[in-house]
Amino acid sequence: MKDAGDFDDVIAFAWDGPSGAVAQSARLLLLDSLGCMIAGLGHATPRHFAEALAITMPGSVHLPGCATGISEAGAAAVLASAMCWDEANEGLARAHGRPALAVAPLCIAALAAGRVSLRAAHDAFALGYEIAARAGEIWRIRPGMHVDGSWHAMGAAAAAARLAGGDAAEVARAVRLTACQIPFALYAPIAAGMDGRNSYPAHAVLLGAMAAAAARAGMDAPADGLAEARRIALLHEAPASRAPSGEWLISEAYIKPFAGVRHAHYAAAAALALRAAIAGRLGDVSALRLETYAEALRYAANRAPVRAIQAQFSLSWAVAAALIQGDLGPAAYTDAALADPALRHLEALVAFAEDEALTKAEQRGARLVVTLANGETHQASVGAIAGDAGLALDEAAVLAKCQRFAAPVIGEAHMARLAALILAEDGAAPRAFFGAT
């Protein structure tokens with residue numbers, strides 16, 4: 001039986017990329033990822049990160065808002081950091097993470113450098129995603145770890161090797177090399193309100209790029225490296241399982257309608273469902289009870305957040321922001337929102353409880369009960385939400401999200417041009433990908 005860490009079959013299956021509806025889903029996912037990258041560059045720290053990397057990685061790629069040119073690899077690292085800055089980027093529930101997080105930046109950076117065609121970028125993206133998605137199924141992290149910046153590097157290696165013109169054997173070597181050196185990262189910065197978590201995917205990008213170069217030079221590693229690393233680093237003794245080849249996991253990816261960790265979106269959706277019933281009476285709310293699945297409580301139970309990254313991983317903040325703002329977008333994580341006494345008051349009222357039925361069934365969802373001062377109660381339960389299976393965001397919704405998030409950074413017309421480029425089936429990369437024309 002083939003070891004779960006041997007990806008030769010997946011490489012062969014995904015080599016020519018998807019077609020039809022799956023290809024369109026992949027293009028929309030790449031577009032959403034690009035929109036999130038550009039939105040992230042609207043914040044100062046990712047731009048400063050680009051300037052700092054450019055000291056040792058100078059080059060000709062100019063990212064939005066960044067005056068200093070940077071190398072293609074450096075640009076990919078910065079774009080990975082920017083992509084998750086607003087916590088609005090994609091994910092795959094069965095991988096318990098975001099397979100595109102270290103793959104899409106490499107493809108966009110290659111386009112920005114004018115080095116590859118659009119078709120080559122699309123093919124590398126789909127290939128890297130399929131490898132990363134299955135690596136996420138296998139590499140189940142331990143408590144205290146954070147998912148970003150670990151198994152993603154295997155997808156990054158596959159994409160980087162393909163973008164460099166490598167054949168299937170070279171891609172396989174790059175994946176094996178990465179599997180023998182997967183890092184793990186800690187959740188600790190998020191709990192402490194520190195944004196160092198956003199450097200994790202940059203590390204995965206650079207590790208993948210390095211492994212691809214090593215594979216091109218002829219280096220190799222054993223096929224059972226992932227299983228051995230899994231046993232030693234994660235203490236998993238039972239054999240891993242993953243989706244077989246022949247199944248496009250990229251078609252199962254979710255695109256977020258909201259900003260913030262996906263686990264909090266179910267809580268926000270329940271809050272939005274109740275908002276009309278208590279309109280004008282938010283000041284009368286005396287209690288809020290949120291029931292949801294265990295994984296959400298484990299990764300998104302931050303209370304009284306003082307920094308944006310804490311709020312992005314806070315179920316209680318998602319409930320309060322959705323009730324007050326009628327949304328869970330970038331405005332929920334601004335300094336003004338974090339200083340809003342009404343929002344803070346509601347956040348403090350939220351009590352958590354595990355929905356054991358959801359946990360046992362490995363399903364996502366949330367139930368919110370609102371109690372008013374006069375004893376009146378209202379409740380709402382949500383299961384599948386926008387982005388989940390059967391409820392994928394369509395092209396119009398993804399375009400609208402990109403305009404909402406990225407247009408403030410580069411302008412509506414430029415975002416529209418980039419969207420049209422990414423959604424095209426083929427074409428040469430423009431000489432000034434991120435330029436104004």
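The table for this structure:
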item	result
Meets criteria (part of a strand (DSSP E or B) and surrounded by 14 or more Cβ atoms within 10 Å (Cβ to Cβ)) for Glu291	yes
Among (1) over 20 Å from His122 (Cα atoms); (2) assigned to a helix (DSSP H, G or I); (3) acidic (Asp, Glu) - the single one Asp6 does not satisfy	(2)
Selected residue [surrounded by 19 or more Cβ atoms within 10 Å (Cβ to Cβ) and small (Gly, Ala, Ser)] from Ala233, Ala214, Ala300, Ala277	Ala300
The range 275-319: number of residues that are touching a Lys or Arg at 6+ places or on another chain (Cβ under 8 Å) and over 19 Å from Glu354 (Cβ atoms)	2
Residue count, the range 298-321 (criterion: aliphatic (A, V, I, L, M), outside any loop (DSSP other than H, G, I, E, B) and either more than 16 Å from Leu349 (Cα to Cα) or at pLDDT 95 or above (or both))	8
Members of the range 9-28 that are under 30 Å from Ala223 (Cα atoms) and either open to solvent by less than 30 Å² (accessible area, probe 1.4 Å) or part of a loop (DSSP other than H, G, I, E, B) (or both)	Val10, Ile11, Ala14, Trp15, Asp16, Gly17, Pro18, Ser19, Ala23, Ala26
Gly144 vs. criteria open to solvent by 10 Å² or more (accessible area, probe 1.4 Å), under 17 Å from Gly435 (Cα atoms) and at pLDDT below 95	no
Where a residue in the range 180-197 is over 21 Å from Arg230 (Cα atoms) and its partner, wherever it lies, is among the acidic types (Asp, Glu) and surrounded by 13 or more Cβ atoms within 10 Å (Cβ to Cβ), with Cβ under 9 Å and at least six apart	Pro189/Asp195; Arg197/Asp148
Search result, residues across the range 91-109 that are open to solvent by less than 10 Å² (accessible area, probe 1.4 Å) and either part of a loop (DSSP other than H, G, I, E, B) or over 30 Å from Pro244 (Cβ atoms) (or both)	Ala102, Val103, Ala109
From Ala88, Ala121, residue being assigned to a helix (DSSP H, G or I) and buried (at least 24 other Cβ atoms within 10 Å of the Cβ)	Ala121
Helices (runs of 4 or more DSSP H) lying entirely in the range 151-204 (those with 1 or more residues that are more than 17 Å from the chain's Cα centre (by Cα), of a type outside the set (A, V, I, L, M, F, W, C) and surrounded by fewer than 24 Cβ atoms within 10 Å (Cβ to Cβ))	168-179, 188-191
Qualifying residue in the range 322-334 (condition: among the charged types (D, E, K, R) and either in a helix (DSSP H, G or I) or modelled with pLDDT of 95 or more (or both))	no
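The values are calculated or read from the model by the stated rules, or taken from the named source; none is laboratory data. The shown structure was predicted, so the numbers you read here are calculated from the model rather than taken from an experiment. Reconstructed Cβ throughout: ideal geometry from the backbone, glycine too, with neighbour counts over all protein chains shown. Ligands, DNA and RNA are stripped out before the accessible areas are found, and what is left, the full protein with its side chains, is counted by its heavy atoms. Shrake-Rupley method; radii C 1.70, N 1.55, O 1.52, S 1.80 Å.
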